[in-house]
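The values are calculated or read from the model by the stated rules, or taken from the named source; none is laboratory data. Just so it is clear, the structure is predicted and the values come from calculations on it, not from any experiment. All Cβ positions, glycine included, derive from the backbone under ideal geometry; neighbour counts span all protein chains shown. Remember, those area values only see protein heavy atoms, side chains included, never the ligands or the DNA or RNA. Shrake-Rupley method; radii C 1.70, N 1.55, O 1.52, S 1.80 Å.
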Amino acid sequence: MNSQRGDAVNQLKSDYKFCESIIKKHSKSFHYAFSNLNTQDRNAVYAIYAFCRMADDAVDNAETHTEKVQNLDQLSKDLNSFKNNNIPDNPVWRALEDVNNKYNISFDMMFKQLDGQKMDINFKQPETLIDLEDYSSYVAGSVGVLLLPIICNGNIETRVNSALDLGIAMQYTNVLRDI
């Protein structure tokens, strides 16, 4: 292996380790649930989780409304750059580039994740189960669909609704845990 390729492989391993550290820190149960996948699939899940955590933190870790909006705007710009093969120099984006090359992840669902985080900026308590389901489809259903090409064999299109439902169910579980 030539030196340049070796450096790239080592960088990617480091990027995936960074993504794994994020899931270990923020979701022990999610980390445990996917830890028995093969290395490629496991790393892909870690990278998807790290992106979603980045989106969540863009809002949750900001102190002002303006900062929340600016953080999400920057993340949206980074996602647009990523979509156009201009990869931001960040471990999560570099890992996601590898994931996208292997699994063809859904940019629509990545943008949907960001839209869900925008809902958190001016959060309005869902008044009905339908409102909660709609919100959950953005912040968690999108995750289910993003993971689908990684954890699913066969025709992905026929499983999208199930993946959305699984994500929504996981969000309901989070809400119930918080209550």
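Overview of results
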quantity: Only Lys, Arg (+1) and Asp, Glu (-1) charged, at Cβ; the chain dipole about Cα centre in debye; calculated: 660 debye
quantity: Acute angle (nearest 10 degrees) that the helix 3-26 long axis makes with the longest principal axis of the chain, alpha-carbon atoms; calculated: 30 degrees
quantity: C-alpha center-to-center spacing [the stretch 1-57, the stretch 66-126] in angstrom; calculated: 16 Å
quantity: In nm, spacing of pseudo-spin labels at N38 and I151 (7 Å Cα→C-beta vector); calculated: 1.8 nm
quantity: Of K17/K102; K77/K112; K25/K124, pairs whose Cα-Cα distance is over 24 Å; calculated: K25/K124
quantity: On Cα atoms only, tilt of 39-60 relative to the major axis of the chain in degrees; calculated: 50 degrees
quantity: Relative contact order %, the chain, counting alpha carbon pairs below 8 Å whose residues are six or more apart; calculated: 20 percent
quantity: Rough spin-label spacing in nm, given labels placed 7 Å along Cα→Cβ, for M119 and I179; calculated: 1.7 nm
quantity: Accessible surface, per residue, of the chain when the full set of protein chains is kept, probe 1.4 Å, Å²; calculated: 58 Å²
quantity: For the stretch 1-67, radius of gyration divided by Kirkwood radius, i.e. Rg to Rh on alpha-carbons; calculated: 1.11
quantity: Taking only Cα atoms of the stretch 81-131, radius of gyration then Dmax in Å; calculated: 14.8, 41
quantity: Carbon + sulfur, % of accessible area of the chain - ligands and nucleic acids excluded, 1.4 Å; calculated: 47 percent
quantity: Pair K28, L12: separation of 7 Å Cα→Cβ label points (nm); calculated: 3.2 nm
quantity: For the stretch 80-95, 3J(HN,Hα) per residue [Karplus equation, 6.51 cos²θ - 1.76 cosθ + 1.60, θ = phi - 60°, Hz, x = Gly/Pro]; calculated: 4, 4, 4, 4, 8, 6, 10, 6, x, 7, 7, x, 5, 5, 5, 5
quantity: From the C-alpha gyration tensor of the chain, square roots of 5λ in Å; calculated: 27, 20, 15
quantity: Value of [θ]222 nm, deg cm²/dmol, for the chain, DSSP H segments ≥ 4, -39500 (n - 2.57) each, nearest 500; calculated: -25000 deg cm²/dmol
quantity: Whichever lysines have a C-alpha closer than 17 Å to that of K24, once near sequence neighbours (fewer than 8 apart) are set aside; calculated: K13
